[in-house]
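Everything below concerns the one structure shown next.
The values are calculated or read from the model by the stated rules, or taken from the named source; none is laboratory data. As the structure is a computational prediction, the values presented were derived from the model and not from experiment. Ligands, DNA and RNA are excluded from the accessible area calculation, which covers all protein heavy atoms including side chains. Shrake-Rupley method; radii C 1.70, N 1.55, O 1.52, S 1.80 Å.
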Amino acid sequence: MSTLEYPDDLRYTSDHEWVKDHGDGVVRIGITAYAQDALGDVVYVSLPTVGDTVAVGDSVGEVESTKSVSDIYAPLAGEITAVNDSLDATPELINSDSYGEGWMYELRLEDPAALQDLLDAEGYQAQLD
């Protein structure tokens with residue numbers, strides 16, 4: 001597990017999602033290196049619809065791999081403002097660049113302060129052990 005990376009500038013959930021704060025009330029969300037590694041080769045991604053409003057814990061899509069299908073849950077409440085359309089044609093971006101081109105969707109936060117309730121990189125890694 002030591003070869004997997006967990007950038008310090010992101011927040012994390014126990015459901016293996018990362019959240020990047022853009023500083024304008026909008027965050028970008030994807031799955032962690034641990035999650036993509038556990039899933040194996042990603043072959044299909046279902047994403048939420050722009051304009052949808054979600055609550056914490058809502059299922060907003062799924063990731064299908066050669067091993068299994070896993071739900072994607074909203075780590076924070078808000079409105080979906082963008083989705084990564086590149087994943088339609090190249091879902092394997094989640095495996096090759098989970099923190100970059102493999103991002104999933106963006107969310108305008110209902111409560112920007114809720115971001116502080118998520119795990120930092122150290123806290124996320126500690127719960128993996």
With only helices counted (DSSP H, runs n ≥ 4, each -39500 (n - 2.57)), the per-residue ellipticity at 222 nm for the chain, to the nearest 500, works out to -4000 deg cm²/dmol
Measure of exposure for residue 13: accessible area at 1.4 Å probe, Å² rounded to 10, is 10 Å²
Dividing the mean separation of Cα pairs under 8 Å (6+ apart) by the residue count of the stretch 50-99 yields a relative contact order in percent of 36 percent
Relative contact order of the stretch 18-129 (C-alpha contacts under 8 Å, at least 6 apart) in percent is 29 percent
Long-range share for the chain, i.e. C-alpha pairs more than 24 Å apart as a percent of all pairs, stands at 20 percent
Expressed in square angstrom to the nearest 10, the accessible area of residue 88 with a 1.4 Å probe stands at 120 Å²
Per-residue accessible area, 1.4 Å probe, largest first, puts 44, 73 in the order 44, 73
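Expressed as a fraction of 2.2 N^0.38 Å, the rule-of-thumb size for a compact globular protein of N residues, what is the C-alpha radius of gyration of the stretch 2-43?
Working: Rg = 11.4 Å, N = 42, 2.2 N^0.38 = 9.1 Å.
Taking the Cα Rg and dividing by 2.2 N^0.38 Å, one obtains 1.25.
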Of 51, 40, 23, the most mobile residue in a GNM of the chain (C-alpha springs, cutoff 10 Å) is 23
Note, the stretch 112-129: 3J(HN,Hα) by Karplus (6.51, -1.76, 1.60, θ = phi - 60°), whole Hz, Gly/Pro = x, goes x, 5, 4, 4, 5, 7, 7, 6, 7, 4, 5, x, 5, 5, 5, 7, 7, 6
